[in-house]
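Novice: The following block contains the structure, expressed as structure tokens.
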Amino acid sequence: MRTFFKIAGVFAVAGTLAACEGTDIERGALGAVGGALTAEVLGTNVAGGALIGGAAGVLCDDLTTVCR
């Protein structure tokens, strides 16, 4: 259960950082950085955090209508 909260935190940080950037590439890059930083702070796999954060960044505009 603890891992779930860590992964949810990565998604929350990456999605928040990347929500209002212009293109999917920009959002993905910011999400990857945010995910990697979050994983580092939580002491988990940084590459996995970057991968999850990047995916969240790319998909965040498809899931929300905040910046449209």
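Novice: Order 55-61, 45-51, 31-37, 2-8 from most to least packed using the mean count of other Cβ atoms within 10 Å. Please report the intermediate quantities before stating the final value.
Specialist: Values: 55-61: 22.0, 45-51: 17.3, 31-37: 24.4, 2-8: 11.0.
Result, highest mean Cβ count within 10 Å first: 31-37, 55-61, 45-51, 2-8.
Novice: Taking R0 as 22 Å, what FRET efficiency do you get between Asp62 and Ala8 from their Cβ-Cβ distance, rounded to the nearest 0.05?
Specialist: 0.75
Any read-out appearing in this document is the output of simple, stated calculations on the displayed coordinates, not a laboratory observation. This one's a predicted model, so the numbers in the text were calculated from it and none came from an experiment. Methodologically, a virtual Cβ is constructed for each residue, glycine included, from the backbone with ideal geometry; neighbour enumeration extends over all protein chains shown.
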